[in-house]
1. Can you sort Lys473, Lys75, Lys98 by 1.4 Å-probe accessible area, starting with the largest?
2. Helix 465-481 versus the longest principal axis of the chain: what angle, 0 to 90°, nearest 10, using Cα atoms?
3. Between Ala457, Val52, Thr341, whose Cα lies farthest towards the positive end of the dipole of the chain when Lys and Arg beta carbons carry +1 and Asp and Glu beta carbons carry -1, centred on the Cα centre?
4. So what is the accessible area of region 1-65 per residue, in Å², with the probe set to 1.4 Å?
5. Going from most exposed to least, what order do Glu415, Glu314, Glu76, Glu307 have by accessible area with a 1.4 Å probe?
6. I'd like the per residue volume of the convex hull spanned by the Cα atoms of region 191-404, given in cubic angstrom.
7. Mean projection of the alpha-carbon convex hull of region 2-179 over all orientations, in nm²?
8. For region 220-293, just the Cα set please: Rg and Dmax, both in angstrom.
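The values are calculated or read from the model by the stated rules, or taken from the named source; none is laboratory data. What you see is a predicted model; the values in this text were computed from it and never measured. We place every Cβ from the backbone using ideal geometry, glycine too, and count neighbours over all the protein chains shown. Just so you know, the surface numbers come from the protein's heavy atoms only, side chains and all, with ligands and any DNA or RNA stripped out. Shrake-Rupley method; radii C 1.70, N 1.55, O 1.52, S 1.80 Å.
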Amino acid sequence: MYGRVIGVTVLGVGGHPVTVEAFVGRGLPSLTVTGLPGAAVQDARDRIRPAVEHAELEWPLRRVVVNLAPGNLRKEGAGLDLPIAVSVLVATRQVPPKAAAGHVFYGEVSLKGEVLPTPGVISVAIAAARRGLRGVIVPVANAVEAAQVAGLAVTGVASIQEVVGFLRGTWRPPEIGTLVSQRVAAGSADLSEVRGQDEARRALEVAAAGGHNLLMVGSPGAGKTMLARRLPTILPDLTREEALEATQLHSVAELLAGRGLLRERPFRAPHHSVSTAGLLGGGSTVLRPGEASLAHRGVLFLDELTEFRRDAIEALRQPLEDGRIVVTRAGGSVSFPARFTLVAAANPCPCGFSGDPQRSCRCRPDQVDRYRQKLSGPLLDRIDLRLTIPRLTKDELLGASAGESSAVIRDRVIEARDRQRRRYSALGITCNAHLPGPIARREARLCPDAERLLGRAVDHMALTGRGFDRVIKVARTVADLAGADRVSEHHVAEALSYRTAFEQDQGLARAG
Ligand SMILES: Nc1ncnc2c1ncn2[C@@H]1O[C@H](COP(=O)(O)OP(=O)(O)OP(=O)(O)O)[C@@H](O)[C@H]1O
Ligand SMILES: [Mg+2]
Ligand SMILES: [Zn+2]
């Protein structure tokens, strides 16, 4: 007796179709799974028989061999439980083979025959649609997720009994519309709540407009955390393509919580005790994306940057450079997208008050030096905007007026981003921060006086090659915010002003 159904295995965030074939033949009752099953798939052997029996179906008291094809593809995760169970039900004709054809089955199965929430469903749906299959049968808890993919019939099931009922035509699934969970209203944080701090607010705007990474250094209470948390409020909405990418990452990390599609830009703020695997991705049985990937298309906020493990910080260089992270372990490697805007905050010294006008620093110079050395040059090199933020006194706070609202700033950001997208459409780049150096120099279109100011900065401040490119990219963003075709002297001067924190070449700030 023979049965065949289609399942999917999710490796990283990619769904790969798997043909699941069941052979039921003579021999002592047993279940063997062949075709490179990972540990989680091997585990399925012990779960599936009780699950089928619990659903008041028959498990054949014979030798059962399930083969997973293609044989050279690793099979991970518990999502193959359901297709394995259904392949046996097809082989024993408890389910009509025709009814199962053309569907993809995916879901973890419990000993009692329940179909449990399973990570990666949106990736399964994307893979099924790409193959031109007509429908997916997935855990009801993840059905809304699958329904985001156009042109696919989605059936949400809670048990093996429901799957069988559906295939026999005796049970109908609930309407997907009724499963959509109510979104909790997002927090009402707004940049207008930040008083004064005009320079920092402006730096956030520049970061948002050009996709630049940002470091804020300042004493405790200066408002670094408050400012950083408001960056998402001035970023444009996710495009549909970006939303699908971010949703896949949240799905495999089991963080979608019943939502279909991620609509807000991600904002991830891992604690400084996070492990390298937690930040970059990893895991012992299934490779999961880390915080840097969960921040894909959004913001990764590292508060108290100097407190993070040095190796974790160092490892961030790869995604900052490539927008991807390759996670490797014994069974192979997967690559997760990780294109985020990094926002970091730090105190200027261990006590926090170096440079503060009201309180004096109690650190020894060597302590301050060691503290600053914790931030490696290579990481700092990838942060375009580095800002010192003053702590405002109570009187200054009360006296300062409320600034522009996030909505007003966001409109400018959207316009500046549109200009960049049009300019770089042939390059496949969306914003200034991602321009390769030589192209940045060409695309910046500097006025002669802007060139002269840059030349002076190179001469007097020993601006490195990377530093030079960074200033040009930031100046280009400042010009884009102003709607200017060419970069002029005051755009460069503003770009040079965002280099006041943790600089080796401190004099630079005075160049303008
Ligand atoms: N410019 C400001 N406008 C309004 N409120 C402010 C401002 N600066 C600070 N505050 C108030 O001070 C509180 C502390 O700010 P925040 O936590 O952002 O400081 P921080 O720089 O992150 O300090 P730490 O180094 O201790 O983490 C904020 O929650 C806010 O209530
Ligand atoms: Mg803080
Ligand atoms: Zn100090």
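1. Details: Lys473 30, Lys75 0, Lys98 175 Å².
Of Lys473, Lys75, Lys98, the descending order of accessible area is Lys98, Lys473, Lys75.
2. With both axes taken from Cα atoms, the answer is about 90 degrees.
3. Working it through, the farthest residue towards the positive pole turns out to be Val52.
4. Numbers: 3160 Å² over 65 residues.
That works out to 49 Å² for each residue.
5. Details: Glu415 130, Glu314 55, Glu76 25, Glu307 100 Å².
Most to least solvent-accessible, the answer reads Glu415, Glu307, Glu314, Glu76.
6. On the way: hull volume 27.6 nm³, N = 214.
Each residue corresponds to 129 Å³ of Cα convex hull volume.
7. Working: hull surface 35.7 nm².
Orientation-averaged projected area of the Cα hull: 8.9 nm².
8. 14.3, 43
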